[in-house]
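Asker: Here it is, the structure in full.
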Amino acid sequence: MKEKIFQLKTKNLLAAMIWPAIFFSIGIWRYLATGGLFYIFIFGYLGLAIAIATIVTDGLIDKYKPRGRRITQLLIGVFMFGFLGLLGHENMQIEGFYFYLFAGVFSGATLHFFIAKLLGPLFFGRTWCGWACWTMMVLDFSPWKTPKNGRIKYFGLIRYIHFAIATAGVIALIFVFDYGPREHYEAQFYWLIIGNTAYYLLAILLAAVLKDNRAFCKYICPIPVTQKILSRFSISKQQIDNELCDECEICEENCPMNIRLLDYSRNNQRILSTECILCNTCLYNCPSEAIKTTNKFDIGVKEYINFK
Ligand code: SF4
Ligand code: SF4
Ligand code: SF4
C-alpha cells in the first residue's frame, strides 16, 4: 500500500489562520497610515506563506516534516530577497536597516527588522534563522546539515566585531562623511547585491571547509547579536520530557547549532540556549517523542554548547 505522507488536520488549518489575520491587520494599518496599497500585498503574502508553511509542516508525517521547514524557507526567503530586495531595490541587510532608520525612512526593511529580528525573538526566539533566512535557504541545500565537530572556541566573537563595524560604518557614513541617506536611497540596491554576494560566497566557503552549513551563522553573521539578547526571554522554546527521554543523545548529535540539550533537561530547564533556532531537528529525530515546543516564561542565562 502506498504510504500516506500528508494528512490535512482541520484543527491545524484553523490555528494557522491566525497568521494571515495578524499580518493582514499590519498591512491594513500601514495602508491606512501611508496610503501604500503594497503594504497589504506584502504583509498579506507573508501571513499566507506562514499559514501554508504551518499547515504543510503539521500535516506531513514525521519522516517528511523537515520538508515543511524547507518549503517555508523558500516561500519567505525568495519573497524577501527576490521580490523586496532585488525587484523592490530595498537593502534588507543590517546596514540597510540602519541606513533607513537613521534616514528616518520607514521602509519594508525597517519593519522586517522590528518584526523578525527584534520583536519576534521575544515570542518565537530565533525562528527567523531556522525557518526564513534567505542565506540559509540556499546553504541548507548543502550536504553538511549535521556538524561533525563541535564549534571552534572564540570564533563566535567575529560576529560581534562584524556587528560593531556595520553599526559604526553606517553612523560614520551618515554623520561624519555626510552621506545623505535620502539622496543615496537607490544606492542601497548595490549595497544589497555586494553584501549578499559576499555573504553567500563566505557562507559556502566556510560550510565546505568546516563541513558545517551553519558555520556562517555561528561565527560571522551579525544578526544573532541582538537576537540573542531578546531570545533569552522567548516564550517559545524546546523542552525535553525527562520521563520519556532515555538519554540516547540523538538530539544532540543532530542539532545543527551544537547545543547540549541534555545539560538543560538534567537541570529541569527548557532548552534555554540563545543559539537555538527552533528548527525542530531535535524534535523530529527523537525516537521517544520526548521533545516538544512549549510556551511559557523563563530566561536563558547559561549556554551549553559543544566545542571542539
Ligand atoms: S544567523 Fe544570520 S545567516 Fe544564519 S540564519 Fe540567522 S540571519 Fe541567517
Ligand atoms: S533524542 Fe529524545 S530520547 Fe534521545 S536524548 Fe534526546 S530527548 Fe532524550
Ligand atoms: S535545540 Fe533543537 S530546535 Fe534548537 S537548534 Fe538544536 S535541533 Fe534545532
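A short reminder: the numbers here are calculations on the coordinates, not readings from a lab. None of these values were measured; they are calculated from a predicted model. Neighbour counts run over all protein chains shown; Cβ positions are idealised from the backbone, glycine included.
Asker: Would you compute the Debye intensity of the chain from its alpha-carbon atoms alone, equal scatterers and no solvent, and pass along log10 I(q)/I(0) at q = 0.09 Å⁻¹ to two decimals?
Answerer: After summing over all Cα pairs, the log10 values are -0.47.
Asker: Volume per residue, Å³, of the convex hull around the alpha-carbon atoms of the range 1-116?
Answerer: Given the Cα convex hull of the range 1-116, per-residue volume reads 112 Å³.
Asker: May I pose another question? Mind checking which of Asn295, Thr10, Gly125 is farthest towards the positive end of the chain's charge dipole, using Cβ charges of +1 (Lys, Arg) and -1 (Asp, Glu) about the Cα centre?
Answerer: Most positive-ward Cα: Thr10.
Asker: Between helix 188-210 and the chain, what is the angle of the helix's C-alpha long axis to the longest principal axis, kept within 0 to 90° and rounded to the nearest 10?
Answerer: Here the helix axis deviates by roughly 30 degrees.
Asker: Where nothing but the Cβ of Lys and Arg (+1) and of Asp and Glu (-1) is charged, how large is the charge dipole of the chain around its Cα centre, in debye to the nearest 20?
Answerer: Its charge dipole is roughly 360 debye.
Asker: Calculate how steeply helix 157-171 sits against the longest principal axis of the alpha-carbon atoms of the chain, using the helix alpha-carbon long axis, and give the answer as 0 to 90 degrees to the nearest 10.
Answerer: Around 20 degrees separate the two axes.
Asker: Could I ask something else about it? Among the Cys residues of the chain, which have no other cysteine Cβ under 4.7 angstrom away?
Answerer: Cys129, Cys133, Cys217, Cys221, Cys245, Cys248, Cys255, Cys276, Cys279, Cys286
Asker: Here's something else I'd like to know. State to the nearest 20 debye the size of the charge dipole of the range 80-236 about its Cα centre, where the only charges are +1 on K and R beta carbons and -1 on D and E beta carbons.
Answerer: Dipole of the range 80-236, to the nearest 20 debye: 960 debye.
Asker: Along the range 275-290, what does the Karplus equation 6.51 cos²θ - 1.76 cosθ + 1.60 (θ = phi - 60°) give for ³J(HN,Hα), rounded to whole Hz, x for Gly and Pro?
Answerer: 8, 5, 10, 6, 6, 6, 4, 4, 4, 5, 8, 5, x, 9, 6, 8
Asker: Cut-off 20 Å, label point 7 angstrom out along Cα-to-Cβ of Ala15: give me the residues of the range 103-142 whose amide nitrogen falls inside.
Answerer: Residues 121-128, 130-132 qualify, since their backbone N sits under 20 Å from the label point.
Asker: Separation between the Ala187 and Val225 pseudo-spin-labels, each 7 Å from Cα along Cα→Cβ, expressed in nm?
Answerer: The modelled label-to-label distance comes out at 2.1 nm.
Asker: Sticking with this structure for a sec: Between Tyr154 and Phe141, what length in nm is gained on full extension when 0.36 nm per residue of separation is reduced by their alpha carbon distance?
Answerer: Contour length minus the Cα-Cα distance gives 2.0 nm.
Asker: Highest mean first, how do 168-179, 234-245 rank when packing is the count of other Cβ atoms within 10 Å averaged over residues?
Answerer: 234-245, 168-179
Asker: Which shape class, rounded, prolate or oblate, goes with the range 237-295 when its Cα gyration tensor gives a ≥ b ≥ c as root eigenvalues, a/c under 1.5 marks rounded, and past that a/b bigger than b/c marks prolate?
Answerer: Because its axes are fairly even, with a/c under 1.5, the range 237-295 counts as rounded.
Asker: If amide hydrogens are placed 1.01 Å from N in the peptide plane, which non-local residues have theirs closer than 5 Å to the one on Leu60?
Answerer: It is Gln7, by chain and number.
Asker: For each of Ser107, Ser288, count neighbouring Cβ atoms within 10 Å of the residue's Cβ, then give the residues from fewest to most.
Answerer: The most exposed by this proxy come first: Ser288, Ser107.
Asker: Shifting gears a bit: Do any chymotrypsin sites (Phe, Trp or Tyr not before Pro) in the range 269-304 lie in a loop, going by DSSP, with at most 14 other beta-carbon atoms within 10 Å of their beta carbon, and if so which?
Answerer: Listed in order of number, the matching sites are Phe297.
Asker: Before anything else, pin down the relative contact order of the chain: Cα pairs under 8 Å, at least 6 apart, normalised by residue count, whole percent.
Answerer: 19
Asker: Counting Lys and Arg as +1 and Asp and Glu as -1, each charge on the Cβ, what is the dipole of the range 221-308 about the Cα centre in debye, to the nearest 20?
Answerer: 500
Asker: In terms of modelled amide H atoms, which long-range or inter-chain residues lie less than 5 Å from the amide H of Ile305?
Answerer: Residues meeting the criterion, in which the H sits 1.01 Å from N, are Arg260.
Asker: Could you list Asp140, Asp263, Asp212 so that the one with the fewest beta carbons within 10 Å of its beta carbon is first and the one with the most is last?
Answerer: Ranking Asp140, Asp263, Asp212 by Cβ neighbours within 10 Å, fewest first, gives Asp263, Asp140, Asp212.
Asker: Same structure, new question: Can you give the % of DSSP beta bridges in the chain that are antiparallel, to the nearest 5?
Answerer: Counting only bridges with both partners in the chain, antiparallel ones make up about 90 percent.
Asker: Among Leu230, Leu122, Leu101, which one shows the highest mean-square fluctuation when the chain is modelled as a Gaussian network with alpha-carbon springs under 10 Å?
Answerer: In the Gaussian network model the winner is Leu101.
Asker: With the crude spin-label approximation of a point 7 Å out along Cα→Cβ, what separation in nm comes out for His89 versus Leu244?
Answerer: The answer from the label model is 5.2 nm.
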